[in-house]
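> Let me begin by handing over the structure; questions about it come next.
The values are calculated or read from the model by the stated rules, or taken from the named source; none is laboratory data. Predicted model, so just to flag it, every value in this text is computed and none were measured. Note: ideal-geometry Cβ built from the backbone for every residue, glycine included; neighbour counts use all protein chains shown.
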Amino acid sequence: MDRLKLLKIIVLVIFIMLLSRAAYLQIFNGDYFLELSEGNRISVRPINAPRGKIYDSRGEVIVSNRLTYNLYLMQNEIPPDSSVEEILMKLAKLSSISKDRLIDNFNNKEIKSYAEPILLVRHLSKEDMVIIAENNDLLPGLIVKESSLRDYIHPETLVHTTGYIGEINLDELKKFNNEGYDYKPGDFVGKGGLEKEYEFYLDGIQGAEQIEVDSRGVKIKTLGIKKPEPGDNLILNIDFQLQQAAEKTLMKNYEELRLKAKEDEERSMPIGAAAFVMDIDTGKVIVSASIPDYNLNLFAEGISTEDYLDLSRSLLKPMLNRTVMSAFPPGSIFKLVTGTAAMEELGVRADTSFYDANAAFYLPNWSIPFRNWNPVGEGKLNFVKAIARSNNIVFYELGYDLYREFNGDKLSEYAKKYGLGSRTNIDLPSEKSGLVPNDKWKRENLNQGWYPGDSVNLSIGQGSLLTTPVQIAQLISVVASEGKSYQPKIVDRIVSPEGDLIKENKQEINIDLREEVSEKTFKTLKQGMYDVVNKNYGTAYRHFRDYPVDIAGKTGTAQTSVALNNHAWFAGFAPFEDPEIAVVVLLENGGSSAYTVPIAREIMDYYFGFKNLNNGAGKVYYYDNED
Amino acid sequence: MNWNKKFLHYLNYNVPLTVILLILIGFLAISSAVEINQVDSNALVFMQKQAVSVILGLLLVFIIQAFDYRIFKEYSPIIYLLMLALLGITLFLGRTVAGGKRWLSIGPVNFQTAELAKIMLVLVLAAVIDNNSDDMGYLKGMFWPSVIAFIPFVLVILQNDLGTALVLFFIYFVMLFAGGGNIKYMAVVFGGGFLIIILIISAHLLIDTPLPFLHEYQLNRLIVFVNPDIDPYGSGYNIIQSKIALGSGRIFGRGLFSGTQNQLNFLPEKHTDFIFSVIGEEFGFFGSGIVILLFLFLIWQFLNIASDARDRYGYLVVIGITAMFLFHILENIGMTMGIMPITGIPLPFISYGGTFMLISLMAVGIVININLRKNKLMF
């Protein structure tokens, strides 16, 4: 076959061509390429990629970056007749940077290879930059590179949610690189809040410049550049202006209460406070505030050890995001759960009648009574009024009935159905799951069985029960929407620096009780919550009198096991007819729920536009005044 | 089974031995490229995946021996329809990775259907050319093979996979030539086509006319290929880095795990497309020369097997498979040396990647099958 021969010739030509090209590159030009790639002639300098920005729901920048300059040491650019020590000494002499700091920073870095840039000084001062530039030829191997620092437009707002950043530690370095990410010692990573949760989106990819240097360490030309890729931007569901207003209100009340408590020993001094507003139809978190907080700028350039210890040791625990990272007994807000169980399991209805004779409830064979918060017997009340009055006696009875009819776990089961005792999986790190005690838990942890008294205690949200404000917001959402709640989400979507959508946080139903709990039950609970706010006997009536939007809510005052003061809660939703938002306010050791109601009211004022936000961008509601 | 012994009598042992040698070299190179020597690398996952594809591929080689290769001719219409269906499904349901090849996911298995299409095209085209052998000197005979090749070519182009499309074209071209296609016509049609493409690209560059079939980045690669210094930071980067890697290996290389271009991650896609640069950097001309010669040796064996094939169909199939490998070798090695434009075409038996490893071993299995049945008197 003639053609096969021709093919063989072509094949030979192709392979001879490949072989000669390999010889040309590797034998005849090998020395040149080797010099190019070898450490003493080639250097790979870092090009930093800025971290992604964070925007609020209106598109306002919350966290951005500002330009700074870092000083790096390239060991492989140091000429043979000099040394690292010599250059660091020279630098210390010339600049304001101390010798000790330079040597410390040099020694602290775990260096993988000789060619790796070592971060000597972050955030170089202008004066030092000028000195280094002027003495360029005396300081081979030292290079100044652009970098970015976090720029917090409002460093004292949305602090916990944003979270802080800090230098990567060894554990993180190992873990992240194992997961396939590329981190280097000295990199800044998210340590809390969204900065941590979305680290791998926010973090950019460092670029590099491969250069040829001469024997004195001076750059001759650039051989290749790997472009840096900035991190992706977060767009939040948080309404930053509402957040600011809510934090201001929270702080004002918190400080007033602390001041008053200082003057009056009888009063309680709150330790912390939290406010949480969530869109019921989507799970979007509009406000997430926790007090006390700190200034994010402390962390922007890397926090000093003293500052960090101050913060982490403070008794008020300012680093704690109280909306998700700490759990408290919910007190009477839990009556919504007890009420659900009673209606579903015991056949209680809105008009079922109860009797509170003398503000005391006795268990059989037990002489110490369980008391109501109101020392006077409230007489005859139906179920809805019992919610509105938050009458403990009625709920003790229901709790005990549930225990008798079923067992101690029945009420716990309902609590779990509402999502209590497990994480909401909100997109924030370190979320607490809280605790819903039951027989098994008690046996394992307290080495005791479940007593009727435990059920009675649990029925009003006391005992070992612990809930986070987010869980309570979820509970309110379920009641308000009559059966379901969406998973709370701080971040709405993630976009690339060019604005392309990277990831959208889908709305996911987190809790769905529409099959298990009847609409009638929810309607009754809602009526009770409506009366809490709108009937003159309701526990939150005073602060919402004649309010233009119909509000529904529930107060809670939870005793704490220690000699500290009660935790105070308000949890509600609005508008009553067509619920939009769930609002939760917590005062840690705040004493009485009465203090939480005005805070919730003011947040709603801003939300509904009765009080103007910074730029008057509040929602405007038109309503007919009934009076 | 005594026919096994009879068959083995005809086996050209050079083929399996060369292939196994190349695979072993590949393992060594990949282990360096995925930084198996570093504590925190997840290199083992890569090695395991590659090992699984090799084992599956070798199993395929054995399984294929159970059939007579002429069964492919018999079923070629079905193979052809299956190929079109696979490419069509991938086009609509497949997902792309990094703007390149499309993958079809079946359960946990991801598969690049375009790779399978290469072999399927060989099997089908061989049948069509064989059936038209009397007319191959005329346009009439060249018509059907051209139509048969054109449809999958377009489907692959639509998948935005220029590299595979070029492989398909090369297979078609070589098979047409080896199958007795009229050289005059081929010169006119393909020479003319080439001129038209040059014209379209020039027009795009000079007066900004639209560019059919080609994405801007693909054109950029072509331009940069012609002159890498135009854009040393962007598209030219890969070429420069790869040349530095290869060249710096000099005669005996910098040693396994010691290539700085490789270990410092200046080489792009080093465990897949640029694996040859790793070999060149760490084993020098010695290593790259051996790999090139091994490939030459393998291709040579293939051509011998083709000429010994017991029928024209077997001959054409081996030629098609040879063309596939030849193009992959030329394009991949040429790309790393800066004498071919950059496309994402893997180096057979050496590059990391399950799909093409399977396909390559399947192709070797078919060649061996034809080799084993070369004696016409046996049946």
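> Report the residue count in segment A:414-437 for those that are surrounded by fewer than 22 Cβ atoms within 10 Å (Cβ to Cβ), without any contact (Cβ under 8 Å) to a residue 40 or more places away in the chain and more than 30 Å from A:Gly163 (Cβ to Cβ).
Final tally of qualifying residues: 0.
Let's see how each residue does on (1) part of a helix (DSSP H, G or I); (2) crowded, with 24+ Cβ neighbours inside 10 Å; (3) within 11 Å of another protein chain (Cβ to nearest Cβ):
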{"position": "B:Ile244", "(1), (2), (3)": "yes, yes, yes"}
{"position": "B:Pro268", "(1), (2), (3)": "no, no, yes"}
{"position": "B:Ile279", "(1), (2), (3)": "yes, yes, yes"}
{"position": "B:Arg310", "(1), (2), (3)": "no, no, no"}
{"position": "B:Gly314", "(1), (2), (3)": "yes, yes, no"}
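> Identify, please: which residue in segment B:107-121 is of a type in the set (Val, Ile, Thr) and farther than 15 Å from B:Ile151 by Cβ and is, among those, modelled with the highest pLDDT?
First pass over segment B:107-121, keeping only residues of a type in the set (Val, Ile, Thr): B:109, B:113, B:119.
Those left that are additionally farther than 15 Å from B:Ile151 by Cβ: B:109, B:119.
Working: B:Val109: 65, B:Ile119: 96.
Once the filter is applied, the top-ranked residue is B:Ile119.
> Can you say whether B:Gly338 is more than 14 Å from chain A (Cβ to nearest Cβ), touching a Pro at 6+ places or on another chain (Cβ under 7 Å) and in contact (Cβ under 8 Å) with a residue 40 or more places away in the chain, as far as the supplied structure shows?
On the way: more than 14 Å from chain A (Cβ to nearest Cβ): no; touching a Pro at 6+ places or on another chain (Cβ under 7 Å): yes; in contact (Cβ under 8 Å) with a residue 40 or more places away in the chain: yes.
In short, no.
> Looking only at segment A:295-307, count how many residues are surrounded by fewer than 16 Cβ atoms within 10 Å (Cβ to Cβ) and modelled with pLDDT of 85 or more.
4
> If you don't mind, there's one more thing I want to ask. Between a first residue in segment A:22-36 that is at the interface with chain B (Cβ under 7 Å from one of its Cβ atoms) and a second residue that is surrounded by fewer than 20 Cβ atoms within 10 Å (Cβ to Cβ) and part of a helix (DSSP H, G or I), which pairs have beta carbons less than 7 Å apart while being 6 or more apart in sequence or on different chains?
What qualifies is A:Ala22/B:Gly289.
> A further question follows. All but one of (1) out of contact with any Phe, Trp or Tyr (no Cβ under 8 Å at 6 or more places or on another chain); (2) closer than 20 Å to A:Gly461 by Cβ hold for A:Trp366, so report the exception by its number.
It fails just one condition, (2).
> Would you mind telling me which numbered condition in (1) of a type in the set (Asp, Glu); (2) within 30 Å of A:Ser147 (Cβ to Cβ); (3) touching a residue at least 12 places away in the same chain (Cβ under 8 Å) A:Asp356 fails?
It fails just one condition, (2).
> Could you identify the single residue in A:Ile54, A:Ile14, A:Ile62, A:Ile10 that is more than 8 Å from chain B (Cβ to nearest Cβ), farther than 17 Å from B:Ile244 by Cα and out of contact with any strand residue (DSSP E or B) (no Cβ under 7 Å at 6 or more places or on another chain)? Let's see the steps before the verdict.
On the way: A:Ile54 fails: out of contact with any strand residue (DSSP E or B) (no Cβ under 7 Å at 6 or more places or on another chain); A:Ile14 fails: more than 8 Å from chain B (Cβ to nearest Cβ); A:Ile62 fails: out of contact with any strand residue (DSSP E or B) (no Cβ under 7 Å at 6 or more places or on another chain).
Selected residue: A:Ile10, the only one of A:Ile54, A:Ile14, A:Ile62, A:Ile10 that is more than 8 Å from chain B (Cβ to nearest Cβ), farther than 17 Å from B:Ile244 by Cα and out of contact with any strand residue (DSSP E or B) (no Cβ under 7 Å at 6 or more places or on another chain).
The rows are residues; the columns are (1) of a type in the set (A, V, I, L, M, F, W, C); (2) assigned by TED's automatic domain parsing to the domain that holds A:Ile599.
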position: A:Glu156; (1), (2): no, no
position: A:Val159; (1), (2): yes, no
position: A:Tyr164; (1), (2): no, no
position: A:Ile168; (1), (2): yes, no
position: A:Asn178; (1), (2): no, no
position: A:Tyr183; (1), (2): no, no
position: A:Gly186; (1), (2): no, no
position: A:Glu199; (1), (2): no, no
position: A:Glu247; (1), (2): no, yes
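> If we scan segment A:335-342, do we find a residue that is modelled with pLDDT of 90 or more, in a strand (DSSP E or B) and surrounded by 17 or more Cβ atoms within 10 Å (Cβ to Cβ)?
Within segment A:335-342, the first condition is being modelled with pLDDT of 90 or more, and the residues that meet it are A:335-342.
Filter once more, keeping what is in a strand (DSSP E or B): none.
The answer is no, given that none of the residues of segment A:335-342 is modelled with pLDDT of 90 or more, in a strand (DSSP E or B) and surrounded by 17 or more Cβ atoms within 10 Å (Cβ to Cβ).
Table: residues versus (1) of a type in the set (D, E, K, R); (2) more than 14 Å from chain B (Cβ to nearest Cβ).
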residue	(1), (2)
A:Glu146	yes, yes
A:Asp151	yes, yes
A:Thr161	no, yes
A:Asn169	no, yes
A:Asp182	yes, no
A:Lys191	yes, yes
A:Asp203	yes, yes
A:Lys221	yes, no
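> Would you mind listing the strands (runs of 3 or more DSSP E) fully within segment A:153-265 where at least 1 residues are buried (at least 16 other Cβ atoms within 10 Å of the Cβ) and more than 20 Å from the chain's Cα centre (by Cα)?
Those strands (runs of 3 or more DSSP E) span A:207-213, A:219-226.
> Being buried (at least 21 other Cβ atoms within 10 Å of the Cβ) and under 20 Å from A:Gly193 (Cβ atoms), is that true of even one residue in segment A:439-456?
No; the residues of segment A:439-456 include none that is buried (at least 21 other Cβ atoms within 10 Å of the Cβ) and under 20 Å from A:Gly193 (Cβ atoms).
> Part of a loop (DSSP other than H, G, I, E, B) and either buried (at least 19 other Cβ atoms within 10 Å of the Cβ) or modelled with pLDDT of 90 or more (or both) - does that describe any residue in segment A:65-77?
No - not one qualifying residue is present in segment A:65-77.
> Hey, can you tell me all the residues within segment A:608-627 that are out of contact with any helix residue (DSSP H, G or I) (no Cβ under 6 Å at 6 or more places or on another chain) and at pLDDT 50 or above?
Hits for segment A:608-627 are A:Phe608, A:Gly609, A:Phe610, A:Asn612.
> Among the candidates B:Leu60, B:Leu11, B:Leu44, B:Leu87, which residue alone is of a type in the set (A, V, I, L, M, F, W, C) and without any contact (Cβ under 8 Å) to a residue 12 or more places away in the chain? Can you show your working first?
Working: B:Leu60 fails: without any contact (Cβ under 8 Å) to a residue 12 or more places away in the chain; B:Leu11 fails: without any contact (Cβ under 8 Å) to a residue 12 or more places away in the chain; B:Leu87 fails: without any contact (Cβ under 8 Å) to a residue 12 or more places away in the chain.
Testing whether each residue is of a type in the set (A, V, I, L, M, F, W, C) and without any contact (Cβ under 8 Å) to a residue 12 or more places away in the chain leaves just B:Leu44.
> Still on this structure, I have one more. Name the residue, out of B:Ser360, B:Ser351, that is within 15 Å of B:Lys118 (Cα to Cα) and among the small types (Gly, Ala, Ser). If you could, list the steps in order and put the result at the bottom.
Numbers: B:Ser351 fails: within 15 Å of B:Lys118 (Cα to Cα).
Among B:Ser360, B:Ser351, only B:Ser360 is within 15 Å of B:Lys118 (Cα to Cα) and among the small types (Gly, Ala, Ser).
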